[in-house]
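Everything below concerns the one structure shown next.
The values are calculated or read from the model by the stated rules, or taken from the named source; none is laboratory data. Given the structure is predicted, the values throughout are model-derived calculations rather than measurements. Reconstructed Cβ throughout: ideal geometry from the backbone, glycine too, with neighbour counts over all protein chains shown.
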């Protein structure tokens, strides 16, 4: 069984704790370290490692402090270089090269974002749970089987974006960047249809935009599309 705790999921910062009851991991570290400590009730010693997808600060802000606290950071060389991360607590990983942390087997995979070397993660544990973590991308070429948990960005809906551009509250240049850097509602539906979700127990919608999303609508539409339990990570 996988337990997911959202510490925050927005452009202000992203971080999630996942555990299978044996090994706890931090996915992203996009808040000041003290904030993450508070959210985890100062039990940082229970975190076996931290996975970081890319260098933007809303995903990596606390990385240096996490390493200073004695916790390994797992990220790509491109992300490490862009953030200036180094030292023995930095564990450089590569797309499609599997590694383990405790009871988790982790497969990083390439994604598309306007950064140096972004990654998504497929995590499997020893009892057969399988979680995919996909955020800050506009495309995913990979397909996954036997998933039990999905954590996927659902940043915007194109109709909301177009309405805001027409109303003059969103610049066309901002729309262009959004479409080339983030997963929207339409992407999520396509991704779910393209993957094996028969065993999925939970779907988490991540990183909703403040102005370009509708949490209640997104949850309802994904539930209708999949028939699965859907959570919106909107803290």
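Does at least one position in the range 142-150 carry a residue that is touching a helix residue (DSSP H, G or I) at 6+ places or on another chain (Cβ under 6 Å), over 23 Å from residue 73 (Cα atoms), crowded, with 20+ Cβ neighbours inside 10 Å and at pLDDT 95 or above? Checked the range 142-150: no residue is touching a helix residue (DSSP H, G or I) at 6+ places or on another chain (Cβ under 6 Å), over 23 Å from residue 73 (Cα atoms), crowded, with 20+ Cβ neighbours inside 10 Å and at pLDDT 95 or above.
Of the residues making up the range 157-183, those that are at pLDDT below 95, surrounded by 17 or more Cβ atoms within 10 Å (Cβ to Cβ) and not in a helix (DSSP H, G or I) are 170, 181, 182, 183. Are any of the residues in the range 120-130 touching a residue at least 24 places away in the same chain (Cβ under 8 Å), within 23 Å of residue 208 (Cβ to Cβ) and assigned to a loop (DSSP other than H, G, I, E, B)? The answer is no; no qualifying residue exists. Quick check: anything in the range 62-71 closer than 21 Å to residue 11 by Cα, modelled with pLDDT under 95 and either touching a helix residue (DSSP H, G or I) at 6+ places or on another chain (Cβ under 7 Å) or surrounded by fewer than 24 Cβ atoms within 10 Å (Cβ to Cβ) (or both)? No - not one qualifying residue is present in the range 62-71.
Enumerate the helices (runs of 4 or more DSSP H) found wholly within the range 25-95, keeping only those where 3 or more residues are farther than 18 Å from residue 111 by Cα.
Details: elements: 33-39, 57-60, 63-68, 77-83.
Where helices (runs of 4 or more DSSP H) fall fully within the range 25-95 and carry at least 3 residues being farther than 18 Å from residue 111 by Cα, they are 33-39, 63-68.
Give the residues of the range 196-215 that are over 20 Å from residue 8 (Cβ atoms) and either crowded, with 19+ Cβ neighbours inside 10 Å or more than 18 Å from the chain's Cα centre (by Cα) (or both), sorted by residue number. Of everything in the range 196-215, those that are over 20 Å from residue 8 (Cβ atoms) and either crowded, with 19+ Cβ neighbours inside 10 Å or more than 18 Å from the chain's Cα centre (by Cα) (or both) turn out to be 196, 197, 198, 199, 200.
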